[in-house]
Amino acid sequence: MGLKVYNSLNNEMEVFEPLQAGKVNMYVCGPTVYNYIHIGNARSIVAFDTIRRYLEYLGYDVNYVSNFTDVDDKMIKAAKEDGITVPEVADKFIKAYFEDTKALNVEPATLNPRATENIPDIIKFVQALIDQGYAYSIDGDVYYRARKFKTYGELGHEDLDTLESGASQHVSADELAKKEDPIDFALWKKAKPDEISWDSPWGKGRPGWHIECSVMSTKYLGDTFDIHGGGIDLEFPHHENERAQSEAKTGKRFVNYWLHNGFVTVGDDDEKMSKSLGNFVTVHDLIKKIDPQVLRFMMSTTQYRRPIRFSQAGLDEATANLKKLQTAYTNLEYRLKDAEEDGDPKVDQEIRQLQADFQDAMDDDFNVQNGIAKVYEIAKLGNVYAERPFVFKETIELIMQRLKQLSSIFGIELSATAFNDADVEKLIAERNQARADHNFQRSDEIRDELKEQGIVLEDTSQGTRFRRENKR
RNA sequence: GGCGGUAUAGCCAAGUGGUAAGGCAGAGGUCUGCAAAACCUUCAUCGUCGGUUCAAAUCCGACUACCGCCUCCA
């Protein structure tokens, strides 16, 4: 069948064909690092990490670049409030970013460039736009002539006249006075006294918000690359402006596939979670209370374009499903010790079919809901198989391997229990003797004792087994 | 106002013409000394109204509700 993705540029499903066979270059807009990431940021990070993992599952070599915006108005404000420098604010929250995303089992990007590390390239890029007539400097600022870029508005699906009337209401009079056209946007901003700044041909200043992404993406991925991702709120104007800047400069198509993730919503009104609305929960705080794997699982099993309603019910459901997968894995693992060599061709075939179904689902614009349904079917098949009186080792291992492999696409690491704790085995033996003697008081005592240590006993037709309960 | 999205059981959620996947919760059952785990069974006519069709959740029209973008934002 082959992978199809929904391209925001034309709002249509398209067959995914990377520029270079077997290789995918993708860029995902990262956060402005003036605070801990909230779960809306995490959603985007997880969505594209899951997409990346699936591309890797398909065999693509993925070059994954995601930036940090480490200088802008909010960074400056945060630094002033805390009495530290802008780079200090950035360092603090970039460090936290890596801690939080690691907890969510996000694969590290190939590269995480920072805006401030690319200032010379940004200046060159802006100068090129001025030279080509796409930008103009005025009083230390540089603006982009949006109207000159003939397809401006195409990505945002907006027409210029509508934009103009909208823009004029929100732009400050001061800024409006400098701009040739209200829809023009800043490439370079003149520094106010005491603000962090860099020297440039237009005086001391700093980059505008959109230019850094154009510069860093084309610098590290080429003038044209395969996938550009980010939240749906970035589609316009941020990505529109990136497109305008990049295509004006290079004369080439900037991005082949634009992918935009939906929001995390909260409350009875399903309101968007965002820093500006102040209704956000940071990952930093949340994972003190809940298992980060649960959060990861909840996010990665919702299709990236759909909104995620953040709720206790959603977390509970994710907890139950996550446990179900791990339990199935453990149930199979337990049977390895008495499994016979060889495999069961019929069951093996069923597993392979389910995996093919999984892939068909995921190929449809990363339809994770249909995908995970197939993983649940594999888990169920595994549970049924594990209850058979006689089982084959190769089949057990095949099911376990597939469960683990497919779960990992969702960022879930199923783990082995390792049933070989001599002290526990000794107590189990004692308990089974007690049970044989019908001394149930003693047998329950032993079970309670082990439970205190986080070890749960389960009696099966193949004997008693134990597993370690997740503390959270 | 312009543009885009969504509306399926208590909840989450698949499903673009042929009589509603999957999961959570619930109910009943099997197994078990008890329990746990697992498995089995059970649980909807698809926002409203109208139209097209032998046949529609799926196509067309109208309407309603909610969300988002157009301004910093994943």
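If you go through segment A:58-70 one residue at a time, do you hit one that is touching a residue at least 24 places away in the same chain (Cβ under 8 Å), in a helix (DSSP H, G or I) and buried (at least 19 other Cβ atoms within 10 Å of the Cβ)? No, segment A:58-70 contains no residue that is touching a residue at least 24 places away in the same chain (Cβ under 8 Å), in a helix (DSSP H, G or I) and buried (at least 19 other Cβ atoms within 10 Å of the Cβ).
Condition check ((1) touching a Ser or Thr at 6+ places or on another chain (Cβ under 7 Å); (2) without any contact (Cβ under 8 Å) to a residue 12 or more places away in the chain; (3) of a type in the set (V, I, T); (4) more than 18 Å from A:E240 (Cα to Cα)) across all residues:
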| site | (1), (2), (3), (4) |
| --- | --- |
| A:D131 | no, yes, no, yes |
| A:D139 | no, no, no, yes |
| A:R147 | no, no, no, no |
| A:T162 | no, yes, yes, no |
| A:F185 | no, no, no, no |
| A:S200 | no, no, no, yes |
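With respect to the conditions (1) within 11 Å of RNA strand B (Cβ to nearest atom); (2) open to solvent by 70 Å² or more (accessible area, probe 1.4 Å), A:Q353 falls short on a single one, namely (1). Every test in (1) open to solvent by 20 Å² or more (accessible area, probe 1.4 Å); (2) part of a helix (DSSP H, G or I) is passed by A:I399 save one, and that test is (1). For segment A:18-47, the set of residues classified as in contact with a strand residue (DSSP E or B) (Cβ under 8 Å, 6 or more places away or on another chain) and either surrounded by fewer than 19 Cβ atoms within 10 Å (Cβ to Cβ) or more than 22 Å from A:I409 (Cα to Cα) (or both) consists of A:L19, A:G22, A:K23, A:P31, A:T32, A:V33, A:N35, A:Y36, A:I37, A:H38, listed by residue number.
Is it fair to say A:N35 is touching a residue at least 60 places away in the same chain (Cβ under 8 Å) and more than 14 Å from RNA strand B (Cβ to nearest atom)? Criteria not met by A:N35.
Residues checked against (1) under 20 Å from A:Q401 (Cβ atoms); (2) among the hydrophobic types (A, V, I, L, M, F, W, C); (3) open to solvent by less than 10 Å² (accessible area, probe 1.4 Å):
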position: A:Q349; (1), (2), (3): yes, no, no
position: A:F358; (1), (2), (3): yes, yes, yes
position: A:G371; (1), (2), (3): yes, no, yes
position: A:G382; (1), (2), (3): yes, no, yes
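Per-residue answers, yes or no, for (1) within 15 Å of RNA strand B (Cβ to nearest atom); (2) among the aromatic types (F, W, Y):
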site	(1), (2)
A:A361	yes, no
A:V368	yes, no
A:N383	yes, no
A:F392	no, yes
A:R402	no, no
A:A416	no, no
A:D423	no, no
A:F440	yes, yes
A:D448	yes, no
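The values are calculated or read from the model by the stated rules, or taken from the named source; none is laboratory data. Predicted, not measured: the structure shown is a model, and the values here were computed from it. Neighbour counts are summed over all protein chains in view; Cβ atoms, including those assigned to glycine, are modelled from backbone coordinates with ideal geometry. The area values use the complete protein model at the heavy-atom level, side chains included, leaving out ligands, DNA and RNA. Shrake-Rupley method; radii C 1.70, N 1.55, O 1.52, S 1.80 Å.
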